[in-house]
Structure formats: structure tokens, C-alpha cells
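> Let me give you the structure first, and then I'll get to my questions.
Each value in this text was obtained by applying a stated rule to the coordinates, not by laboratory testing. As the structure is a computational prediction, the values presented were derived from the model and not from experiment. Cβ sites come from the backbone with ideal geometry, for glycine too, and all protein chains shown count toward neighbours.
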Number of protein chains: 8
Amino acid sequence: MDESSGNERSKGAAAPVAIIMGSQSDWQTMRHAAQTLDALGVAHDDRIISAHRTPDRLVAFAKGARDAGHRVVIAGAGGAAHLPGMCAAMTPLPVFGVPVQSKALSGVDSLYSIVQMPAGIPVGTLAIGQAGAVNAALLAAAVLALHDPALAERLDAFRAAQTAKIADHPSDEA
Amino acid sequence: MDESSGNERSKGAAAPVAIIMGSQSDWQTMRHAAQTLDALGVAHDDRIISAHRTPDRLVAFAKGARDAGHRVVIAGAGGAAHLPGMCAAMTPLPVFGVPVQSKALSGVDSLYSIVQMPAGIPVGTLAIGQAGAVNAALLAAAVLALHDPALAERLDAFRAAQTAKIADHPSDEA
Amino acid sequence: MDESSGNERSKGAAAPVAIIMGSQSDWQTMRHAAQTLDALGVAHDDRIISAHRTPDRLVAFAKGARDAGHRVVIAGAGGAAHLPGMCAAMTPLPVFGVPVQSKALSGVDSLYSIVQMPAGIPVGTLAIGQAGAVNAALLAAAVLALHDPALAERLDAFRAAQTAKIADHPSDEA
Amino acid sequence: MDESSGNERSKGAAAPVAIIMGSQSDWQTMRHAAQTLDALGVAHDDRIISAHRTPDRLVAFAKGARDAGHRVVIAGAGGAAHLPGMCAAMTPLPVFGVPVQSKALSGVDSLYSIVQMPAGIPVGTLAIGQAGAVNAALLAAAVLALHDPALAERLDAFRAAQTAKIADHPSDEA
Amino acid sequence: MDESSGNERSKGAAAPVAIIMGSQSDWQTMRHAAQTLDALGVAHDDRIISAHRTPDRLVAFAKGARDAGHRVVIAGAGGAAHLPGMCAAMTPLPVFGVPVQSKALSGVDSLYSIVQMPAGIPVGTLAIGQAGAVNAALLAAAVLALHDPALAERLDAFRAAQTAKIADHPSDEA
Amino acid sequence: MDESSGNERSKGAAAPVAIIMGSQSDWQTMRHAAQTLDALGVAHDDRIISAHRTPDRLVAFAKGARDAGHRVVIAGAGGAAHLPGMCAAMTPLPVFGVPVQSKALSGVDSLYSIVQMPAGIPVGTLAIGQAGAVNAALLAAAVLALHDPALAERLDAFRAAQTAKIADHPSDEA
Amino acid sequence: MDESSGNERSKGAAAPVAIIMGSQSDWQTMRHAAQTLDALGVAHDDRIISAHRTPDRLVAFAKGARDAGHRVVIAGAGGAAHLPGMCAAMTPLPVFGVPVQSKALSGVDSLYSIVQMPAGIPVGTLAIGQAGAVNAALLAAAVLALHDPALAERLDAFRAAQTAKIADHPSDEA
Amino acid sequence: MDESSGNERSKGAAAPVAIIMGSQSDWQTMRHAAQTLDALGVAHDDRIISAHRTPDRLVAFAKGARDAGHRVVIAGAGGAAHLPGMCAAMTPLPVFGVPVQSKALSGVDSLYSIVQMPAGIPVGTLAIGQAGAVNAALLAAAVLALHDPALAERLDAFRAAQTAKIADHPSDEA
């Protein structure tokens, strides 16, 4: 991870956003969440937590997330993706889920496993894959910006820049 | 709407949560969001805004939502459900989308139309139908609770009560 | 529960099969597992364990299932159905999952959430709904019958009777 | 864009057909609409309008499309594809939608987001991807040909040529 | 059909819009197209033409539709719905397709059979079921309104009335 | 079964068509195949053969079908519908499969289980449910008619009558 | 086409099997039907007939197929695949349909468009893609073999050889 | 197969686990089941048994599996995957099914064909593809471990090692 990254995992205090994912292979998707938070100057703590292979790690993380100082959890997983929902079951913090694109079912399994939570435990779910990872970061930032005017300004600027860079006409050279 | 409701639409100040929906028929689903917010003591402003039939109303609402004092928008719609995403395009506030169950496609169309947003404009999407409406309210409350300790306590109590009422064994009489 | 039931939940010793389900409403499906085990003379312990609303109960059950004397776990759940997979993550016992038919997506969400487990933690998944519940019981019995000759005979008889009652020709009166 | 193109975007008068798309990347698909209109001698104005990232541009375009002289709008977008429907919400002109093939869901999300419009605001939807783009152009031409005999003749000729070039037998060399 | 109906099928001259459908049972859906055209004062000719059971009728109709004076064809069918595409194959007129909701597959089969036309022969496809039938009529009217200022005004009024009747807030009594 | 039925199951010689189905409950669908064959004067032998619960019956039937005098087999089944394919694996006769509509998945599981046969063993698959049962009978009749001129005439008449009874216009009274 | 091919298209008499397909690109799939018929010594006539781009060719072929001497029609098409069903609408011969794998929807659109025929006009549908093409040929041969003992023997031999070449154990070298 | 493999197919006594698959091409998937059993020290017998092309081999295997000494059957197949269910129909042993990823439908057809068994004959189904193959082996081992303490210890160790190798944080180098 680059020195200039907003990633705070080596620091003492917990970052406002925790990015958790089910496996190393999910990082290819979830790094887009990390990079978006970096661009917005929001610190994040990135962890691999497999709901199925490291359930104790999941329980410890989820139960301790609020006290550790996190405010929002972004959780990405693929296939029978239980990480976002199980984390939400054990923390009162807002949890945003990113369905990682799976091999056979292209992420439809991931999406259904994350979004179809029963009444009582919510997971705010984003799009399948990279777009969802970017948007989970933007949504986390929007939540944090409610009480962080400087971040709100940065987020407004990010959105304005995003608008400004859309060309008026398609280009054959692009 | 009941007098004791948290619904603030007749009051001068905007409620922290705006619940918007594409049509009157969506209220059958979205009222569960309203009732959940009522149970948590969170004021909400309920409006019908059809992205397709009242686009001006949508633009006015979305562009003015932050200045009006809202902090979170819950948007429910069915079929080609553009309301949550278009609202998110015009407000920096967090937007949570509820896919209303549609007749022919059972809400798969609603779900895809809401959750598959491109990178840049997020909508945190909940489950299809009533469960999603309840959970949108819980997620909105979780966001607001980050800076409202009393609400955080009420939300913790809500979750604890929810846990407590799960029987240990299934009952043939239930 | 009827006196003659094979349900052992009020007894001191754990039954060889534990039937767990995410909510009381799943019992309408899962009772068919219980009844099938009853018919085969296999004791079972039926519990409601919500992965999302009673995560501590899930952890306690799953981690203790082997020591409690269970040999097979049957887990039924619907929607974003995390119960079977999370249980399997915390017990070395064979776990068989039953996707309960959900309202909007007819159990496709339940099925994908249960069957698409990542390599490392298996859940043997049965059909959506009642057929799956019956078959989870039959599969559990087949496993137990490997070291229980009397049960093996009862299971053979059950299958033979099942075969025998298939009429040769369709009946307009049926 | 080639000099001989029918594309009129640099000219003073609006072209009869506006081709709008959600991003530069959609041009790979939508250029087939442009090329088909070129082949039929129908001028078109090609624009990038992101419903989500440039909502103001969308409102301005859609509300002004009729007065600007356009007669038909072709709108292509992918994923949660709101552009065609939102444009249709703000113009009385016929709008034809092209679902661009998306990465994870192969354009099923695009298709549902475009075709499943509620009663009141129509979008005539074509096939996913390149075939849909070609056909949107042909459909636009068919509409314009109702009052343009010369174009009707060119369209008839186009269709006749299309028929003529179908070989009678498959070729192993093709 | 009511005397005041815009239905012109008993008159000598062809109506500008032909509504064709695969069977009598499709009329339950397609009558909403007829009623919408009635409301807009657009004459229509309603016919049952089964692509599979009356292929000669289909060929005769489609090849003669332009000369008969029709300007737009609305075609509704369900299941393996070949009527819209085959009609489009034999007429240069714009054809708008309505996927009728089917029993087993809820109209997904109808939708795919209509919308996934190969490049060369377009069918502008509307939503599955009643909403699609209404919208096919509105789209046909939008096409005709391009050269019928009075109809354009009626269509504008229809849309304005549609907007005006959307209540601001949901009603528990509705 | 009515006396006037074409059903030959109580006679000594095998009927040219065997209709087999996985369970009594499939008869509600498959009787439409029987009735259609009756209408065409084609004798048929109707049997319940469960691939899963009566595998020996399946093997005996399929291996003996040609020698028994059958010429075509119609096989209907639902869910994981193995009957048509397994029958086809053990007889050189043409096998036509009817996917019975299943509860949770509406027959998509039945369809995929029947139609997606690997290269080497064909099953000619018809539509899900009643339409498929009727059409399996018509297809069987078309096969038999290749060498039965009287049947060919009856089939032609059946098709002509079917065409003749399609009304020209939809009726509000129907 | 190889000299030794069974393809009879250049000969005076019609082959017993006609293989028709919607476009040259379908030949990549349908040639497997042709090669299988070649292997079985069954003559076939291969034609490109686009339901949408050459509807007259379709009408002429389908109406004349029986008189031309064909006995079975194999029809392959992709996307909104109307060729098999429309051919079946105009010939009493058995029609077997092959859903060609499409780009965006992997042939699900082709499959639904072919298999979901309404009661009255059957198409015996095979698997998506190459396996379906091979099996359409085998099914056609099975039909012809009912009155061609020599072909029946060749088909039996083909099936026996197919069985014989399945190894007992998987090989790491394969 | 490597010398150190647990594969026992060349030995006199049957291995506790039989791995059967529909074709040589399935070995690419099913070898992951074999390798996992090897890692756990569980002997296995690997066979190709095509339900459709070698039905006699299937009957012989399935009916004899228990007497041959097998205790668990793992069956992998793709497309219209009848092997697991038909095997389960003819043996009282537990059968675990692995849906092999198919070309057109990505294994959804395989999954539905395996998991949607009717009440009476169970197949414990794992995930589509390689993950399912690994997990079928782990599930088989869990069943065998119920009466094999040494295997139970090896399985516990396998799971513990699996947990231990999950890194705490994602790595950009991975």
C-alpha cells in the first residue's frame, strides 16, 4: 500500500471506515473502495475476514467495531456471501455490502446473499463488482459527511469534478 | 396518519428522514419504513414523487433535500425503478433504495434498476418488498444514531428486543 | 408436539439430528423434516436460531453441537439464508441445508445463499421447500444408517414402501 | 467523425434524431445506431448525457428536445439504465432505448431498467447491445419515413438489400 | 366496443393504428392499449392474428398494412411471442411489441421473444403486461403526433393530467 | 378413463404412443397429451414411472418400449426431471419431454433438466405445462403421420380447424 | 462441404431432412447436425432462411417442405428465434428446434423463443448450442428409423459405439 | 494419478468414497474432490459413469455401491445432470452432487437438475464447479469422520490450517 494512502491500519486509532472482505481475491474488487476513500481523504482499515473460514475473527471484529471507533463498515464478499449480513447482525453500525462478481453466477448469488436480508438486520447493498466498491466508499463518505463539513465539501467537489469530466459528445478516439 | 406518528410532513421543519415513493400503491410497502421509524422515534416526511410522471417534483425535492434539513432519503419504487438512483444523482445525502415487488417480475426488475448503479452515484439497496422497507428505516436510524446517542440507545434496545422475542423452539400453534 | 414424536428436545441427551431454522415461519417447511425423522424413528432436536437476530445463539449452538452429541445438523432458512453456512463454519458435523421458499424470489435467493459456499466449508443442499425438508431428513438418516443397521433396515423399508405405493397408471379420480 | 457522416452535431439546426448515451464507453455500442442512420441518410446528433452524473444536462436536453427540432430520441445506457426512461419523462417525443450489455449481468439489468416502465411514460426498447443499436436507428427511420417518402424509399431499399444478401446455403468458408 | 370508441374496425378506411394480438385471451391485456388510444382520440383497428395458428392472416395483414393506411402497428403476444417480430419482418411500418404475461414464466419468455430481435428488423418493445399495452398506445400516439398538432396537444394534455393527479403524500385510505 | 378414450392401456397390444409421467400429480398436465391423442384417434398407453422412486420400472419400460410396439414416448416430469432423459438413454425411440410446472421455480428447473441433454441422447422438449403436453401429442402424431396417411389427414384437419376457430377480432364478451 | 457428405442440396430430390438456420453464423452450430446426419448416412438439405430478413423464403420453404419430399425439419436460430416456430406453423412435418447460443443472454432468449410455443403448434426443442444440433440430428434419425430398418441398425450401432467409447476411469492425460 | 494419491481404484477393496462423473471432461472439476480426499487420507474410487450414454453401468454401480463397500458417493455432472439423482434412486448411501459448470448456462442447469429432487430421494448438493467438488469431499469426510476419530482429527486439522492461512489484511502483491 502506498505511503500516501489513507489506509490507517497500521495506526493506533481505528479508521472511521472499516473495509472487510472474505478473501484476498476480493481485494481486486474492494481496493476500489479503498482508493475512493483515499481520494476523499477518509481513513480506512482494510481487513480480510472470512465469515466461513474465520468465524471467530468475524465475531470479534463485528462486536468490537463500534467500540474500536469505526463508524461505517464496508463488507465485500462473493458467492454465498454471508459476511455483510453476519457483520450487520453483530454491530449497530451501518453496514454497506459489495457483491463480488462470482465465476459461475456472475455475482447474482453474491447479490441475493447480501441484499435479501430479513426484516430486522439491514445491509445497504451496492452494485456487483467494482462499481459497487466505489459506491460503497461514496456512500460511507456521504454518511460521514453529515457531521463533517470539510468532508462534505470534498465530496461535493468530487461529485462536481465527476460531472465536469463527462464530455459532451462521444469520441471515436476514446 | 395517526397523531402519534413520527410523520412530520405537516410541520414546518423537515424531518431527518424523507421517505419518497413512486406511487400511492408503493405506500403499502413503504409504510413499513414509516412505522419502523415511528417505533424508533425518528421523524419522517413521506412523499409521493414519481420519477417518470412528476420529474419536476423529483428535481425540486432532490436538489433541495439537504437544505431542507433532511439527512437521509429512503426511496421506494417498482419495475423500472429510477427514483432512488435519480434522487441520488441530485443530492449528496445518503439514499437508501427499496425495490417494491412488481407484478410480472416479482421485483427483480426493481432490484436491478436500483442496485446496479454505475460508479459515482451510490444507492444503498435493501431487500425486495416489506423487509426492505423495514430495513431501510433501520439503516437510516443507524446512520442518524452515529451522532444521536439517545437514538443509538433506542436502536440498541430495538435490536435487543428483536433478539429476545425469538423463541427457542418452533411451535405447532404459531 | 405430539407425545409420540421422535422430538427429543425436552430430554437430557441430545438427539442425533438437530433441526435448526431461522424463524418460526420456517417451521411450516421444516416440520416435514421432523415428521420424516419421526417416521424413521430418528430422534431430533428442533430449534429456532436466527443467524441475524440471534447470532450468539448460533455461535453457542454450532460450536457446541458435536460435544452436545449431535451427529448431523439440518438447517433451514429463507432469503439471504446464512444459517446453514454459518453453522457449518463453526462445526465439523455434516450440515444439510434447506432453502425455504421466499416470497419475492421463490427461494432462488435462499438456494443461492445456501448452496454457493466457497471451497472449505460445505453445506449439502436440498431442494427448495417441503421436498427439501423431507430429503434433508432422509439424507441425515442415510448418514446415520452407515453405522446403525436397524436404521438402515428401516430406511430400506421406507424406500421400498415409497416405491410400492406408486400406481402403475394415472387415475382421473386422484 | 467522418466528413461524410450524417452526424449534424456541429451544425446550427438540430438533427431529426438525437442519439444520447450514458458514457463514452457506450459509444462502442451506440455508434452502430449512428452508422445505420448514416447509411440511411438520416442526420443525427450524438451526445453523452449521464442521467446520474450529469442530471442537469439530461433535464436541459430532454425538456428542450422537441423545440430544438429533434423528432426521435435514441437513448442507450447500461446497468441501472435510467437515461431512456428519464428522458421519456421529460419529452413528448418518441424515445427508443438500447440496453447496453453490462459486465456482470450481461445487460439483463439494462434491459429491465429500460423496458419495465410504468404505464404513462413509454420507452420503445430494442435488443441488448449492437443489434439493438442498429434496430433503434431503423425504427427511428421507420418513424421519420411516415412523412418522408424519400427516406421511405431508402429504407425499403435498405431492407431489400438486406434480404438479398442472405445466401441460400451456409458456407464452410464463411 | 362502445359507440364512442375510437375503434374503427367496422369502417371502410383503416385506422392509423392497428392493434394485433395472438389470441382472444391477449385482449385482456391489449384492451388497455385500445382504451388509451380511445382516450387520445386515435382510431385503431383491433385484430386477432396468431402467428402460429393463422400464419396466412399474418402475412396478408403485415404485407398490406402500409397500403391499408395504417401507420403504426401494436402487436401483443405471450410465450414464444413471434407475432411482433414476424409482422415487423413484413412491413416497413413501426411495430411496437407488448409482451403478454405468461403463466409459467411470467412474461420473461414473451419479453425475450419480442425484444431480442436481430439487427435488421426492429420491434420497439414495451413492458410486460398492462403497463406495456398502455405505453404502446402512448408511443404510437407520440409517433403520430409528430405530424398531427392536435394530437400532440391532446397528448401533452394527457401527460399533464397524469402528472397533476399524483398526490403529494401517500394516503392510508387509498 | 372414459370408454370412448383412445387410451389402450387395458388392451393386449401396445399403443403407438406411450405417455409416461413421474407421478400421479403430473397427470393434471399430461392428460392434455392424452386428450389430444384421443382427438386425433391415436392410441396411447399412460403410465406412471418415477425415475427416482421406481427406477426398475423405468429401466424395464425404456428397454422394452420398442419391442413392446411403441413408436414414440412422451415423458412428463417436474423439478429435477430425469424421466425423459433417462428414458431416452435406454430406448432408440423418439422421446418427447414435457416440463411440468413446478411450485418454487415455475418449471424452469423442469425445463432445464429435460432440454439440456448432452450430445448423444436427444429429448425433443416442449413448452412448460399444459401447452407442452398438447404439443407433445401433436408432435407424436406428426411423426406417426409420416407413414399413416389417414392420420396425416386427421392432423391436417385438426390444424385447419384450429386455424378456422380464431376470430378476426377480439371480443369484450369472451 | 466434403464430397462424401450426405448433404444433398445440389441434387434433384429433396433430402429427408432439411436443416434450416437463420444466418450464416448459425452454421458454426448447425454443422454439427449436418455432420451427425452424415455419420448416420442420412441425406440433408442445408439452407439459410431468416424468418425476419427473408420471410418470403420462409413461407415458400415451410409450405412446400412436405411436397418437396422432406420428412423432418431441423431449424436453428438465436436471440428472438422465430424460425422453428414459424416453420412449424406452416408445415405438418415434425420440426426440431436448436437454440443457438446468443451473445448477451447465452441462448436463454433463443431457448424460450423456441420452446415456449402455444398449444397447437409444436417444436421439439433440443439443448442450446452444439449439443442441441447433434441431438436434433439424432432425433430426426430416430424418427426416420421408425420406417427404415437399415437406418435403425446404423443408429443402434452409433449409440453402441458412443457407449463403448466412455472410459471407465478419468484420465489425467485427457 | 500420482503414486501417493489416496485413489484406490486399482486395489481389491472398494474405497469408502466413490467419485463418479458423467464424462472425462468433468474430471477437470472433480479432480478437486479427489485431491481433497487425498489430502485428508481418504481413499476414493474414481469412475466415469454417464447416466445417458452408459445407463447400464450406472445401474450396476448404483445398485452395487453399498455391497461393494462404498459409504458415500460423490457424483458430478453438467447440463441436464441426471447422474447424482439417478444414482441416489438406486442406492441407500448418501449421495453428494456437484453441478459442473456448463457452457451456455454456467451451471444453473446443472444445479437445478441436481438439487431440485422430489421428496423421497435426496441428493446433498454442493456449489457449482471447483468449490463444490472440494466441498463434496469435505462433506464426505465429515460423514466418515463420525465413526473415524483419526479422520475427525485430520479434518479438524485441515479446517484449522485453513483458518490459519487467512491473512489479516489484503496484500497488493497477492
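> Please list, in chain and number order, the residues 5+ apart from D:Ile20 or on another chain whose amide H is under 5 Å from its amide H, with Hs placed from the backbone.
D:Arg47, D:Ile74, D:Ala75, D:Gly76
> How big is the charge dipole of the protein assembly as shown about its Cα centre, in debye rounded to the nearest 20, if each Lys and Arg gets +1 on its Cβ and each Asp and Glu gets -1 on its Cβ? Kindly include the intermediate steps, with their values, before the conclusion.
Values: 104 positive and 128 negative charges, 2 e Å.
The dipole of the protein assembly as shown has a size of about 20 debye.
> With viscosity set to 0.890 mPa s and temperature to 25 °C, compute the Stokes-Einstein D of the protein assembly as shown, Rh being the Kirkwood radius across alpha carbon pairs; µm²/s, no decimals. Spell out each step's value before the answer.
Details: Rh = 32.4 Å.
The estimated diffusion coefficient comes to 76 µm²/s.
> Which is the longest stretch in chain G that no exposed loop site breaks, taking sites as trypsin sites (Lys or Arg not before Pro) with a DSSP loop state and at most 12 other Cβ atoms within 10 Å?
G:12-164
> So if I place +1 on the C-beta of Lys and Arg and -1 on the C-beta of Asp and Glu, and nothing else carries charge, what would the dipole magnitude of chain A be about its Cα centre? I want it in debye, nearest 20.
Details: 13 positive and 16 negative charges, 127 e Å.
The calculated dipole for chain A is roughly 620 debye.
> Could you work out Rg/(2.2 N^0.38 Å) for chain E, with Rg from alpha carbons only?
1.04
> Please tell me the relative contact order of chain A in percent, rounded to the nearest whole number, where contacts are Cα pairs under 8 Å and at least six residues apart.
Values: 331 pairs, mean separation 35.0, N = 174.
Reported as a whole number, the value is 20 percent.
> With a ≥ b ≥ c the root eigenvalues of the C-alpha gyration tensor of the stretch C:37-77, is it rounded (a/c under 1.5), prolate (a/b larger than b/c) or oblate? Don't skip to the answer; put the middle values down first.
Values: a/c = 3.16, a/b = 1.58, b/c = 2.00.
Cα axes put the stretch C:37-77 in the oblate bin.
> Kyte-Doolittle cut-off -1.0, length cut-off 20 Å along the helix's own axis using Cα: show which whole DSSP H helices in chain G pass. Don't skip to the answer; put the middle values down first.
Working: long enough: G:130-145 (22 Å, 1.67); G:149-164 (22 Å, -0.04).
Passing helices, by number: G:130-145, G:149-164.
> Looking at the axis that maps chain F onto chain B, which chain F residue has the closest Cβ, and how far off is it in Å, rounded to a whole number?
Residue of F nearest the axis onto B, distance in Å: F:Ser106, 5.
> With runs of 4+ DSSP H residues as the only contributors, calculate the mean residue ellipticity of chain H at 222 nm using -39,500 (n - 2.57) per run, divided by the residue total and rounded to the nearest 500.
Details: 6 runs with 71 residues, N = 174.
After summing the helix terms and dividing by residue count, I get -12500 deg cm²/dmol.
> Among the listed pairs H:Lys63/H:Lys165; C:Lys103/D:Lys103; G:Lys63/G:Lys165, give every one whose C-alpha distance is greater than 31 Å.
On the way: H:Lys63/H:Lys165 42 Å; C:Lys103/D:Lys103 28 Å; G:Lys63/G:Lys165 42 Å.
In this structure, H:Lys63/H:Lys165; G:Lys63/G:Lys165 exceed 31 Å between Cα atoms.
> Rounded, prolate or oblate: which fits the stretch H:73-174, taking a ≥ b ≥ c as square roots of the Cα gyration tensor eigenvalues, rounded meaning a/c under 1.5, else prolate when a/b beats b/c?
Since a/c reaches 1.5 but b/c is at least a/b, the shape of the stretch H:73-174 is classed as oblate.
> Next question, about the same structure. Name the residue, out of H:His32, H:His52, H:His44, whose mean-square fluctuation peaks in a Gaussian network model built on chain H with Cα pairs under 10 Å.
Per the Cα network of chain H with a 10 Å cutoff, H:His52 tops the list.
> For the stretch D:80-174, what is the charge dipole size about the Cα centre, in debye to the nearest 20, if Lys and Arg each add +1 at the Cβ and Asp and Glu each add -1 at the Cβ?
On the way: 4 positive and 7 negative charges, 64 e Å.
Approximately 300 debye in magnitude.
> Another question about this same structure. Please report the antiparallel percentage of DSSP beta bridges with both residues in the protein assembly as shown, rounded to the nearest 5. Provide the component values of the computation, followed by the final result.
Values: 4 of 156 bridges.
Roughly 5 percent of the beta bridges in the protein assembly as shown run antiparallel, per DSSP.
> Right, here's the next one. Residue by residue through the stretch E:73-84, what is 3J(HN,Hα) from phi via Karplus (6.51 cos²θ - 1.76 cosθ + 1.60, θ = phi - 60°)? Round to whole Hz and write x for glycine and proline.
Those phi angles translate into 10, 10, 10, x, 7, x, x, 6, 8, 9, 4, x Hz.
> Under the classification rounded if a/c is under 1.5, otherwise prolate if a/b is larger than b/c and oblate if not, where does the stretch D:87-140 fall, given a ≥ b ≥ c as square roots of the Cα gyration tensor eigenvalues? Walk me through the numbers on the way to the answer.
Details: a/c = 2.69, a/b = 1.33, b/c = 2.02.
Verdict is oblate for the stretch D:87-140.
> Which residue, F:Ala68, F:Leu93, F:Ser23, has the largest displacement toward the positive end of the dipole of the stretch F:21-160 when charges sit on each Cβ (Lys, Arg +1; Asp, Glu -1)?
Going by the Cα projections, it comes out as F:Ser23.
> Regarding the stretch B:50-112, what is the average projected area of its C-alpha convex hull, in nm²?
Projected over every direction and averaged, the Cα hull of the stretch B:50-112 covers 3.9 nm².
> Which residue fluctuates most in the GNM of chain C (Cα springs below 10 Å): C:Ile121, C:Ile20, C:Ile49?
C:Ile121
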